[in-house]
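S.K.: Sharing a structure, written as structure tokens. Questions coming.
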Amino acid sequence: MNYLEAINYGNAILNKNNIQNCGLDTELLLAKALGNNREKILINLNKKIENKFLNKFIKLISRRKKNEPIAYILQKKEFWKNNFFINKDVLIPRPETELVIEETLKFVDINESKSFLDVGTGSGNITISLLKERLNLRATALDISRKAIKIAKFNAKMHHLENKINFLNIDIDKFNYNKYDFIVSNPPYIKELNLKNLEDNVRLFEPHLALKAGMDGFREIKKIIKKSRTLLKKNGKLVLEIGNKQDTLTKHLLTKNGYQINKIRKDFNSIPRVIVSTML
């Protein structure tokens, strides 16, 4: 079997199983199996595949046809301007979370020396992206998952930032160290009862610890808003990602706890997704 025949084979299987972007995914999986890049494959379509690589490719296609996210199979996800190592121990970074980066960069000047806290760092994608944009920042990143912290540390080292981030395996409830200029967070915000309604590629593969947030979906948001009052410097900012239809109650919680709402940023589907506020 040559490259083109393998692509046609994989594409047919994924298409039969209603996998979106099956053509691109097939090419990416073939590239992973061969240890090559996609572009090189596409200019050598008549090249024969050795059996050991073909068998590896067939196994990868088998995983993808079961709806396992392509990012977990490739163990890689692009976020902001960088690639991150990921696996099933961390949530796959979403495009809408890049809005957290965009809004934060608007109030942090390029040469400012500030410290910030990332609550629920996961793969470290938010912290690392901010540090690569603002070189004088210093970060502390928390996660209750020991496995997530391990991956975040790996990503920090991969991006040569391991000396600029203090990673801690701790719940924000138990964290009482230092004062920060700003806090960022993409917390869990899915209602417990809504987990069963998530798409299979999310429900069956992504860590529920990074998704579920109590019966009302606000467990972690409430904790972060309350605890941030003791962790932010005066006039410090909180940049919080929220779920669909959570903006009204989140605004109420923020104002009730002494924050001033600065901005509500909508995502690509016009859903209020990121709230920027200042602690007065």
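S.K.: Based on DSSP, what percent of beta bridges with both residues in the chain are antiparallel, to the nearest 5?
M.R.: If we restrict to bridges inside the chain, about 45 percent are antiparallel.
S.K.: Another question, then. Expressed as a rounded percentage, what relative contact order does the chain have, with Cα pairs under 8 Å and six or more residues apart?
M.R.: Rounded, it is 14 percent for the chain.
S.K.: With +1 assigned to the C-beta of every Lys and Arg and -1 to the C-beta of every Asp and Glu, and no other charges, what is the dipole magnitude of segment 17-170 about the Cα centre in debye, to the nearest 20?
M.R.: The dipole magnitude comes to about 900 debye.
S.K.: Suppose every K and R has +1 on its Cβ and every D and E has -1 on its Cβ; what is the size of the dipole of segment 61-104 about the Cα centre, in Debye to the nearest 20?
M.R.: 500 debye
S.K.: Spelling out what I want: for every residue of segment 182-187, take phi, set θ = phi - 60°, compute 6.51 cos²θ - 1.76 cosθ + 1.60 (Karplus), and round to whole Hz; glycine and proline get x.
M.R.: Values per residue, Gly and Pro as x: 7, 10, 10, 7, 10, x Hz.
S.K.: Grab the other residues whose beta carbon is less than 13 angstrom from that of SER270, score K and R as +1, D and E as -1, and report the net.
M.R.: Local net charge: +1.
S.K.: Just tell me which aspartates and glutamates come within less than 15 Å, Cα to Cα, of LYS66; anything on the same chain fewer than 8 places away is out.
M.R.: Within reach: ASP25, GLU199, ASP200, GLU206.
S.K.: Viscosity 0.890 mPa s, temperature 25 °C: Stokes-Einstein D of the chain from its Kirkwood Cα radius, in µm² per second?
M.R.: 122 µm²/s
S.K.: Could you tell me the relative contact order of segment 3-66? Use alpha-carbon pairs under 8 Å, at least six residues apart, and round to a whole percent.
M.R.: After rounding, I find 45 percent.
S.K.: Give the relative contact order (percent, whole number) for segment 47-167; include only Cα pairs under 8 Å separated by 6+ residues.
M.R.: Result for segment 47-167 is 20 percent.
S.K.: By a straight-distance test (C-alpha under 19 Å), which lysines pair with LYS227 as possible cross-link partners, with residues fewer than eight away in the same chain excluded?
M.R.: In chain and number order, the partners are LYS174, LYS179, LYS237, LYS251, LYS256.
S.K.: Please get the size of the charge dipole for segment 122-161, origin at its Cα centre, with Cβ charges of +1 on Lys and Arg and -1 on Asp and Glu, quoted in debye to the nearest 20.
M.R.: That gives a dipole near 160 debye.
S.K.: Loop only per DSSP, at most 13 neighbouring Cβ atoms within 10 Å: give me the GluC sites (Glu not before Pro) in segment 1-90, ordered by residue number.
M.R.: Those that pass, being in a loop and sparsely packed, are GLU50.
None of the figures in this text is laboratory data; all of them are computed from the coordinates on show. Since the structure is predicted, the reported quantities are computational estimates derived from the model, not experimental observations. With ideal geometry, Cβ positions are generated from the backbone for all residues, glycine too; neighbour counts draw on all protein chains shown.
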